Amino acid sequence: MNRPPGVAWIIGGGSGIGAALARQLAGEGWTVAISGRREDALDAVSRMATGIHPYPLDATLTERVTETAERIASDLGRIDLMVYAAAAWQPMKVGDYDFQKFFRIVDTNYLGAVRAIEAATGIMRRQGGGEIALVASIAGYVGLPRAAAYGSTKAALIHLAQTLRTELAPENISVRLVNPGFVSTDLTAKNDFPMPFLMDAEEAARRIAHGLLHTARFEIAFPWQMVMALKLLRVLPYWLFFRLMARLIPQGAGR
């Protein structure tokens, strides 16, 4: 499978995986619209390759998401692929369930994706089809200590992608799921714990671009070692799963 170039819209395209993916797609001949909160970062990415166009956007503002999607479709002709790669993350201590921290992460990671999906599907229905790719995480496979807010949003994205894949197929709108492991970005730089199989954003973007453009599989997940380990945890009996998870909590942690 070799997908011909079209118009892509990457939300979260100003840094990290989103920015690297924009460069990968542009290198494959795609016209790429990138959105994010930081206009300076978007401008910097757009100068790295021809065919990348900045559209500043805060994904937590519903009307702005819709307006931006319509402007991109008007300026560039259509939206063939929408990639939601925006993410909020901050390290949280065991037992920290502060509402405002949760709300910020949920509003960006999950509700932001819903806003983008509503806007993109409206355009794709008018043009006769398209594709949506949601960047979740292997952290969404199971409930991991210290990931109550972030992990739950990624689990929700996995569930959402599975549902949309079935519901939107009759309308010629394909839905794909991207589950990366640890990727070196500004977000993961905040982590104070070991990150096995850490890879750089360019390598992650290369794998995502290959999956989107040259395969038809629903889930693009990597690295395989982490994917297999966490998927194995999902099938363990709960008594064993919780015993293993307890070992990940530092001694004396909690409130």
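Per 5 Å bin from zero, what fraction in whole % of the C-alpha pairs of the chain is there, up to the bin with the longest pair?
1, 6, 13, 18, 20, 17, 11, 7, 4, 2, 1, 0
With all protein chains present, how much of the accessible area of segment 1-85 (probe radius 1.4 Å) comes from carbon and sulfur, to the nearest whole percent?
47 percent
By per-residue mean of other Cβ atoms within 10 Å, what is the highest-first order of 133-142, 240-249?
133-142, 240-249
Given a 1.4 angstrom probe, what's the average accessible area per residue across the chain, in square angstrom? Write down the numbers at each step before the final one.
Values: 12210 Å² over 255 residues.
Averaged over the residues of the chain, the accessible area is 48 Å².
Using the beta-carbon distance between Val94 and Thr215 and R0 = 30 Å, what value does 1/(1 + (r/R0)^6) give for FRET efficiency, to the nearest 0.05?
Step by step, r from the Cβ atoms, then E = 0.20.
In deg cm²/dmol, rounded to 500, what helix-only [θ] at 222 nm does the chain give when every DSSP H run of at least 4 residues adds -39500 (n - 2.57) and the total is split over its residues?
So the calculated ellipticity at 222 nm is -14000 deg cm²/dmol.
How much length would be gained if the chain were fully extended between Leu236 and Arg37, taking 0.36 nm per residue of separation minus their Cα-Cα distance, in nm to one decimal?
67.6 nm
List the residues, sorted by chain then number, that are 5 or more residues from Gly130 or on another chain and whose placed amide H is less than 5 Å from its amide H.
HN-HN under 5 Å from Gly130: Ile173, Ser174.
Are there chymotrypsin sites (Phe, Trp or Tyr not before Pro) in segment 79-136 that DSSP puts in a loop and that have at most 15 other Cβ atoms within 10 Å, and which ones?
Values: sites: Tyr84, Trp89, Tyr97, Phe99, Phe102, Phe103, Tyr110; in loops: Trp89, Tyr97.
Taking segment 79-136 and a limit of 15 other Cβ atoms within 10 Å, the loop chymotrypsin sites (Phe, Trp or Tyr not before Pro) found are Tyr97.
Show me the three semi-axes of the equivalent ellipsoid for segment 1-75, from the C-alpha gyration tensor (sqrt of 5 times each eigenvalue), largest first, rounded to whole Å.
19, 15, 10
The values are calculated or read from the model by the stated rules, or taken from the named source; none is laboratory data. As the structure is a prediction and not an experimental result, all values here were calculated from the model. Note that we place each Cβ from the backbone using ideal geometry, even for glycine, and neighbour counts take in every protein chain shown. Just so you know, the surface numbers come from the protein's heavy atoms only, side chains and all, with ligands and any DNA or RNA stripped out. Shrake-Rupley method; radii C 1.70, N 1.55, O 1.52, S 1.80 Å.
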